[in-house]
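The values are calculated or read from the model by the stated rules, or taken from the named source; none is laboratory data. None of the values given here were measured: they were computed from a predicted structure. When we count neighbours, we look across all protein chains shown, and the Cβ atoms used for this are built from the backbone with ideal geometry, even at glycine. In case anyone asks, the SASA skips ligands and DNA or RNA and just uses the protein heavy atoms, side chains included. Shrake-Rupley method; radii C 1.70, N 1.55, O 1.52, S 1.80 Å.
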Amino acid sequence: AENYKNSLKDWISKNPNEPILFYVHTPFCEELCYFCFCSKEITQNYNKAENYLYNYLFKEIDLLFDYLKKNKLKLNVKEIYFGGGSPTYYKLKDFKKLVEKLNNYFDFNKIIDFTIEIDPRRVDEEKLLFYSDCGASRLSFGVQDFDLEVQERINRVQPPELFDSLMTKKVREKFKVINFDILIGLSGQTDKSINNTLDKV
C-alpha cells in the first residue's frame, strides 16, 4: 500500500541509524494451543508451509528490499526474531533457505541477537544445534506453565523432563541466551501452580 511505503520511507529517512528488530512470522502449527491469539493456521499439511514460504514470504521480502533499494534506504538491522505460529514447523532445509534469503539483504555479522521461538514438542538437540549453525544466538522456549492440569486445559502437554532432555550441555554452550516464556492468566492456574512452575524454571 502507498501509505505503508510512504511511512516506511519517511521513518527510515529520518532515523537512518536507528537499530531495527526484523520480525519474521511463521503462521503454522501442528495443533492449537487454546490460549493463542496469534495469526496462525493449524495444519498437518506441510505443503502449505512450503507454498507460503517460497511463494508469499519470499515475495514479500523481495518487495520490501527492492523498494528500499530503489529509494536508497537501508535498514540498520541489529536483531532478528522468528516468531509464529511456530518457526519450528519448518523442515531444516526450508528454514535454512529462509535464513539464506535474508542474508542476501543484510549482513548477519552485524546482528546482535537472532532469536527463534521454540515449540519444545517439535525439536530435539540436533535441531537446536542446527539453529545455532544458521546464526541463531537466542532460544525462546514456549513453556507457558509446568502444571499438568493447566497444560491439559490449554492443549499443550509438555513435562519438565522434556526441557531437561533439550537443555543439554552442547545446547547451553551454543546459545548465549535461553528464554523461557511464562503466561499468567491461563485456565486452572493458581498462585501455587505458578510458584511451582517458577521453581521448576
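Residue check: Gly84 meets all listed conditions (1) closer than 21 Å to Ser140 by Cα; (2) surrounded by fewer than 17 Cβ atoms within 10 Å (Cβ to Cβ) but one, namely (2). For the range 133-174, which positions are closer than 13 Å to Val123 by Cβ, out of contact with any Phe, Trp or Tyr (no Cβ under 7 Å at 6 or more places or on another chain), not aliphatic (A, V, I, L, M) and not in a helix (DSSP H, G or I)? Residues satisfying the conditions are Ser140, Gly142, Gln158, Thr168. Looking at the range 150-170, which of its residues are in contact (Cβ under 8 Å) with a residue 40 or more places away in the chain and charged (D, E, K, R)? Matches in the range 150-170: Arg153, Arg156, Lys170.
If the condition is being within 22 Å of Cys134 (Cβ to Cβ), open to solvent by 60 Å² or more (accessible area, probe 1.4 Å) and among the charged types (D, E, K, R), then the range 148-185 contributes Lys169, Lys170, Arg172, Glu173, Lys174, Lys176.
Cβ-Cβ distances below 6 Å connect the following pairs, each with a first residue in the range 100-113 that is more than 11 Å from Asn76 (Cβ to Cβ), a second residue that is assigned to a loop (DSSP other than H, G, I, E, B) and open to solvent by less than 80 Å² (accessible area, probe 1.4 Å), and a separation of six or more residues or different chains: Phe108/Gly135; Asp113/Ser137. The C-beta contact set for the range 1-26 (first residue over 18 Å from Lys74 (Cβ atoms), second residue of a type in the set (Lys, Arg) and part of a loop (DSSP other than H, G, I, E, B), distance under 9 angstrom, 6+ apart or interchain) comprises Thr26/Lys40.
Checking each residue in the range 22-57 for being open to solvent by 70 Å² or more (accessible area, probe 1.4 Å) and hydroxyl-bearing (Ser, Thr, Tyr) picks out Tyr23, Tyr34, Ser39, Tyr54, Tyr56. Go through the residues of the range 58-69 one by one and say whether even a single one is open to solvent by less than 70 Å² (accessible area, probe 1.4 Å) and closer than 30 Å to Ile154 by Cβ. No, the range 58-69 contains no residue that is open to solvent by less than 70 Å² (accessible area, probe 1.4 Å) and closer than 30 Å to Ile154 by Cβ. Residues of the range 186-195 being open to solvent by 70 Å² or more (accessible area, probe 1.4 Å) and touching an Asp or Glu at 6+ places or on another chain (Cβ under 8 Å), which ones? Across the range 186-195, there are no qualifying residues. Tell me whether the range 116-128 contains one or more residues that are assigned to a loop (DSSP other than H, G, I, E, B), charged (D, E, K, R) and open to solvent by less than 80 Å² (accessible area, probe 1.4 Å). Taking every residue of the range 116-128 in turn, at least one turns out to be assigned to a loop (DSSP other than H, G, I, E, B), charged (D, E, K, R) and open to solvent by less than 80 Å² (accessible area, probe 1.4 Å).
For the range 107-129, name all the residues that are acidic (Asp, Glu) and under 14 Å from the mean Cα position of the chain (by Cα). Scanning the range 107-129 gives Asp113, Glu117, Asp119.
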